[in-house]
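J.: Below is a structure I'd like to ask you about.
Just so you know, all these numbers are worked out from the coordinates, no wet-lab data involved. Just so you know, these numbers come straight off a predicted model, no measurement behind them. Neighbour counts are summed over all protein chains in view; Cβ atoms, including those assigned to glycine, are modelled from backbone coordinates with ideal geometry.
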Amino acid sequence: MMMMQEYIVYMGSLPEDGLYSPTANHISLLQGVLQGSNIEKSLVRSYKRSFNGFAAKLTDTEKQKIAEMKGVISVFPNRNYQLHTTRSWDFIGLNEKTKRNLTIESDIIMGVLDTGVWPESHSFSDEGFGPPPKKWKGACKGGSDFKCNKKIIGARNYAVNETARDIDGHGSHTASTAAGNHVNGISFFGIAEGTAKGGVPSARLAVYKVCSAVDCPSSSILAAFDDAIADGVDIISISLGFNSLLHYDEDPIAIGAFHGLKKGVLTINSAGNGGPTVASIKSLAPWMMTVAASSTDRQIISKVVLGNGKTLVGNTVNSFTLNGTSFPLIYGKAAANNFNDTAVKGKILLCDFLFETDSFNHGVGIINKKVVSPDTPFVDPVPSSGLRVEDYDVVKSYFNSTVNPHGLILKSEVIKDSTAPRVASFSSRGSNLLTPDILKPDITAPGVDILAAYSPLVSPSSYSYDARRVNYSIVSGTSMAYMIHVRMSSAMDIIESLNQNEYGFGAGHINPVEAIDPGLVYESFEEDYINFLCGIGYTKEKIKLVSGENSTCPKVSPQPKDLNYPSLSHQVIQSNGSFTIDFHRRVKNVGIANSTYRVKVISNNNILDVKVVPEVLSFKSLNEEKTFNVTVKGDQVLGAGTTASSSIVWSDGTHSVKSPIVILFSI
C-alpha cells in the first residue's frame, strides 16, 4: 500500500479573472495526478479567499507530479507547529488614567490564530459594544456550542471534530491579554488580585482555531490566514512556531503574513520559548513583528521555611496553604527504590529534577531545584517551591546534616521587582540565522506572570491529576507578550541589564503611550520587501514562492542591511580587524508639521565609531520623508559570535526616536 502524506500545494495570488474558480481548479489538478484515491479522500481544504492553493493527501509520486503542473508554485509538507506557551499593561503605561480614543480602538479587529477561546468569559462580554465595524466581512462558524457577540464578532474552526471553543486555555489567555475587557476583582486563588484587562479592551476579536487537542498543522494555519485577511481583520496575532529553522519560502506563517502585508494587515508573532539559547528564535521574516517576553514589576514568589528557621525564596505560583504546619522532608533519591504513596505520604519531597508522576499527589508538597527558567514562576499542581540551584543546595545541606529535617512551603505572595523589565530566560534569542542584517526579536513586552482568561475545562498546571479549574490563570510565555502597534517606530524603552542585549530585547521594551505619538516612523512596503528578498539572493522564481506573484529584481539589488528597518544590524566577517559599514534609512514625519530633529549617538563601548549624515532633519509638513546615512567603523578584532552595539536617537525636543545598532562579528 502506498504511503500518503498531507502536503500544501501553494499556487500564489488569486487570479483576477472573475470566472476563475479556485476549488474547481484544485479538483482538476488532483484529478490529473491521483492514482488510487478519490478526490474526497485526498482534498483536505482549499485556500481561495486571500491567496490560491490547497492541502491534500498525496503519495510521493503524486506529490512530484503535481509540483510540475502549470500554476503550482511549490509543494511542501504539512508540518506541525507548537504553541508558545493584568498588571502588565499598567507597568508599561496603559492604566486607567491613560487617554484613549475608544472610537478608533472599537474599530480595530484582531484576528487570533490559536486554540480558540472560551466565549462565556467575562473578558469577552459584549456589554457596551456597538455593532461590528462595517469593514467586517467574516462569519461566526465556530460550531454548534460557540456563540459570537459584538466583542467576538467572528469565529472559524479548522480542527477536526472540534469547535472554536478553547479546550486548552492558551487561546483564551492570549486573546484576553491582547484585547480582553476590564474585569475587576480577578485573582488566581487570591494571588495577584486586581483588574484583568487586555492592551486594547475596546477592540473586536475574530477567533481562528488552528490548533486541535493534539496538533497545530500548517494547513490549518494557512487556511486561517486565507480567511482572516479576507474577513477584514487589521492585525493577525499568532503565538505558534516550528521547532526548527525554515526559510522564508518554506514557512507558512511567513507566507501568510506576506499576503497580509499586501492587504495592509500586520502579523504579530511571538518570538518563541527556546531561550536562553543563542540563535533560538525562529520568527525571522522582517514583514512580521516578532515579540519577546519580559518581566513586569510584579514578581510572584513561594517561600520555603526550614526547621532551623532559615527562609528561602523560590519561583513558583503556589496557590496552596499548609496552614503553618511543618512536615518531614524526604529526598527523591532516597525514595527512588520505593517511590510510591507510602514513601511520600505526609512528607515534602526534595527533587533534583521535576517530572510528572501521580505520586506527587500523595505527598504534602515538593521543593525542587529549578534549572530551566529559574526566573519564571509556573503553576504547579501541589504545594511547591522551585528554588535556584544555590538555594536548593542549602536545603540539601540542611537535610543531610539534620536528624529529623522538616520544612514548610508558604502560599505564594506578590512582591515588587525593581529590576524589571528583564528579558525572560525562556524567551528565544537572536541572532537571526537566516538574515543577520535583520535584528530579531523586534521588541519585548510583558510575558511573565500574566493573569488572564482561561478555559475551565483544563487544569491551570496542565497536570492530569490536578482537579482545579479556573476562569483566569497565571501563565508565562512569549505568547503573552502582545502589543497593538501598527507602524514600526522606535518608541521603546531600551533595557540596560546585565547579560541582556539586543538579541534578547530587540529595539527595547514597548512603550505604548509614546508609540501612539512616535514623531518619526520607518515605513516599509511590499516593494521594499521584494527588494530585500532580491538582496539575500532570491531569484524571481524563489520570490514567487513567498509573494505568490511575478517580481523583477533591480539590476543592482539593495543589500539586506538597507531594508528600511527601525534597527540597524550587520554581520562583519573580519580579516584584518578593521571594517566600515554604511546603512541607509528613510523616516516619515508623523508628529509636528514644522519640526527639526537632531541626532545623538549613544555608545555602549569603545568598539564602534558611529557617524550620521545629515545630523539634522528639518520637516515642513506631516508625512514628509527624509533620508539619512549611518556609517559604522571599527578596528578591533573580536571573537566569533561576539557583538558590539550602539544606538542613535533623533529628537525634536518632544519626541525621541531611538534605533539600536548591532554588529555581529564572525571570523
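J.: What's the local net charge at C140, with K and R +1, D and E -1, over the other residues with C-beta under 9 Å away?
T.: Details: positive: K141, K147, R156; negative: none.
Net charge in that neighbourhood comes out at +3.
J.: Can you give me the pair-distance distribution of the chain, C-alpha pairs, 10 Å bins, whole percents?
T.: So the P(r) values, bin by bin, are 3, 15, 23, 24, 19, 11, 4, 1, 0.
J.: Tell me the trypsin sites (Lys or Arg not before Pro) within the range 1-71 that lie in a loop according to DSSP and have at most 11 other beta-carbon atoms within 10 Å. Working shown, then result.
T.: On the way: sites: K41, R45, K48, R49, K57, K63, K65, K70; in loops: K48, R49, K70.
Answer in residue order: K70.
J.: Viscosity 0.692 mPa s, temperature 37 °C: give me the Stokes-Einstein translational D for the range 178-271 in µm²/s, with Rh taken as the Kirkwood radius over C-alpha pairs.
T.: On the way: Rh = 15.2 Å.
The diffusion coefficient I find is 217 µm²/s.
J.: For the range 132-239, just run the numbers: alpha carbon Rg, then divide by 2.2 N^0.38 Å, N being how many residues it has.
T.: Values: Rg = 14.5 Å, N = 108, 2.2 N^0.38 = 13.0 Å.
So the Cα radius of gyration is 1.11 times the expected 2.2 N^0.38 Å.
J.: OK, next. What is the packing order of peptides 363-370, 20-27, taking the mean over residues of other C-beta atoms within 10 Å and listing the highest first? Please list the in-between numbers first.
T.: Details: 363-370: 22.9, 20-27: 15.4.
Answer by packing, highest mean first, reads 363-370, 20-27.
J.: Rank these for me by crowding, F628, F54, going from fewest to most other beta carbons within 10 Å. List each step's numbers first, then the result.
T.: Details: F628 19, F54 27.
Least crowded to most crowded, the residues run F628, F54.
J.: Within the range 535-667, what percent of beta bridges assigned by DSSP are antiparallel, to the nearest 5? Walk me through the numbers on the way to the answer.
T.: On the way: 34 of 40 bridges.
Restricted to the range 535-667, the bridges split so that about 85 percent are antiparallel.
J.: Using the per-residue mean of other Cβ atoms lying within 10 Å as a proxy for protection, in what order, highest first, do the peptides 216-227, 586-597, 188-199, 279-290 fall? Mind dumping the intermediate values first?
T.: Working: 216-227: 26.1, 586-597: 17.7, 188-199: 20.7, 279-290: 24.3.
Averaged packing, sorted descending, gives the order 216-227, 279-290, 188-199, 586-597.
J.: Could I ask something else about it? From the backbone phi of the range 187-200, what are the Karplus-calculated ³J(HN,Hα) couplings (6.51 cos²θ - 1.76 cosθ + 1.60, θ = phi - 60°) in whole Hz, Gly and Pro given as x?
T.: 8, 10, 6, x, 8, 6, 5, x, 9, 8, 7, x, x, 10
J.: A further question follows. Once Rh for the range 5-77 is found with the Kirkwood sum over Cα pairs, what is the Stokes-Einstein diffusion coefficient at 4 °C and 1.567 mPa s, in µm²/s? Each step should come with its number before you reach the end.
T.: Details: Rh = 12.1 Å.
The estimated diffusion coefficient comes to 107 µm²/s.
J.: I would also like to ask the following. If we count other beta carbons within 10 Å of each Cβ, what is the order of W136, W118, fewest first?
T.: On the way: W136 17, W118 23.
The order, fewest Cβ neighbours first, is W136, W118.
J.: Most exposed first by the Cβ proxy, i.e. fewest other Cβ within 10 Å, how do F327, F129 rank? Please report the intermediate quantities before stating the final value.
T.: Values: F327 18, F129 15.
Arranged by neighbour count, lowest to highest, F327, F129 become F129, F327.
J.: For the chain, what does -39500 (n - 2.57) per DSSP helix run (n ≥ 4), summed and divided by total residues, give at 222 nm, in deg cm²/dmol to the nearest 500?
T.: Values: 14 runs with 109 residues, N = 667.
Taking each H run of at least 4 residues, the total per residue is -4500 deg cm²/dmol.
J.: Using a 10 Å cut-off on Cβ atoms, rank the peptides 620-626, 181-187 from the highest mean neighbour count down.
T.: Working: 620-626: 12.4, 181-187: 16.1.
The most tightly packed comes first, giving 181-187, 620-626.
J.: If you don't mind, another one. Nearest 5 percent is fine: what portion of the DSSP beta bridges confined to the chain is antiparallel? Can you show the working numbers first?
T.: Details: 78 of 127 bridges.
Bridges in the chain are about 60 percent antiparallel.
J.: Please grab the % of Cα pairs in the range 265-306 that end up more than 12 Å from each other. Numbers along the way, then the final one.
T.: Details: 599 of 861 pairs.
Tail of the P(r) past 12 Å holds 70 percent of the pairs.
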